[in-house]
């Protein structure tokens, strides 16, 4: 179907379901469902725009309206509320011309936070970033990997005390590097401070870096590794209402920190070699990250976290790793792969790169089909 046909199908949705444009406000408690750049309501506004030029999305959009028992005016009203809150142009109505068919057999979004999100898998390619730390690393040119910068504590504190931000180091060493290299994304990794009780330190460090970069004309996007949202395995895996309530309350407190960053970089590292539990954990943590209304780019790692004394540091199965790539890619704006740690239990240091590692073969295959960076002539 042509773009004109897609527009016709979208128009059909309007013709057959339209009600007054304030239907969203009338039919929903705005205090219960706040205007946010996440969740299935937001996803429908994204899908509506895609439906103007894609017949597949037009059919999908029509099907979701029916399955969720909402109408096009509902989506238009929600999009207008988004534009008013976050900026942008309110949606326009498409021309009304009935299509020849419509509907979709796909599973609809679920309430409230389990659809493809605003970084969800719409079929578009996304960046897969590498933050590798291996001995004897090969050249990754043509392997579908993009690059970003991670600043670790050694660089950020310059060998000085970690009790407070090293303002001089941040202003005179870190900021000039960012301005010179012009990285698109910069990850600040400070794990020595508690994100709740020492939030003011994190805010001061981020403001120092951000203000220096912006004053120098830099446009790099900045964020903290792992600090947002509060990393939590037990609340989603145990499906505990008490734990979840406390977790979300802490994440509400962290909004003050979230206001200072450009990107949310959650950590989805695997604590236990259990695929089902990891999926619950990943989906819930990404959903919490989405609450801040900023792009979400999670870190994943093909090894079990060294926190686990039994399975820690071993590489997960190829099938488990493929699932992690797929889930993270589908629900996020980009994927960041970190690694490594030696597989010698109880030891520290980097692993040595080995050609043909199962996780890497899976990653190459995934990147070939999904990554935004070029995949051609990969020899790693």
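Read the figures in this text as sums done on the coordinates, not as results from a lab. Please read these numbers as outputs of a predicted model, since none were measured by experiment. Because the Cβ atoms are built from the backbone with ideal geometry, glycine has one as well, and the counts that use them run over all protein chains shown.
Using R0 = 35 Å, the C-beta based FRET efficiency linking residue 365 and residue 204 works out to 0.20.
Here residue 197 and residue 376 are evaluated by their C-beta separation; at R0 = 41 Å the FRET efficiency comes out at 0.25.
What is the order of 267, 319, fewest Cβ neighbours within 10 Å to most?
319, 267
Specify whether the C-alpha gyration tensor of the range 128-370 places it in the rounded, prolate or oblate class, a ≥ b ≥ c being the square roots of the eigenvalues: rounded for a/c under 1.5, otherwise prolate if a/b is larger than b/c and oblate if not. Since a/c reaches 1.5 but b/c is at least a/b, the shape of the range 128-370 is classed as oblate. For the range 212-284, the spherically averaged projection of the C-alpha convex hull amounts to 5.6 nm². The reciprocal of the average 1/r between distinct C-alpha atoms defines the Kirkwood hydrodynamic radius, which for the range 116-208 equals 15.8 Å. With the simple model of a label 7 Å out from the Cα in the direction of the Cβ, residue 133 to residue 177 spans 1.2 nm.
Quick check: Cα centre of the range 332-359 to Cα centre of the range 220-280, how many Å? What the calculation gives is 22 Å, centre to centre. In this structure, residue 308 and residue 238 have a Cβ-Cβ separation that, at R0 = 22 Å, corresponds to a calculated FRET efficiency of about 0.80. For the peptides 149-159, 362-372, the ranking by mean Cβ contacts within 10 Å, running from highest to lowest, is 362-372, 149-159. Label-to-label distance for residue 164 and residue 83 is 4.9 nm, based on points extended 7 Å past Cα in the beta-carbon direction.
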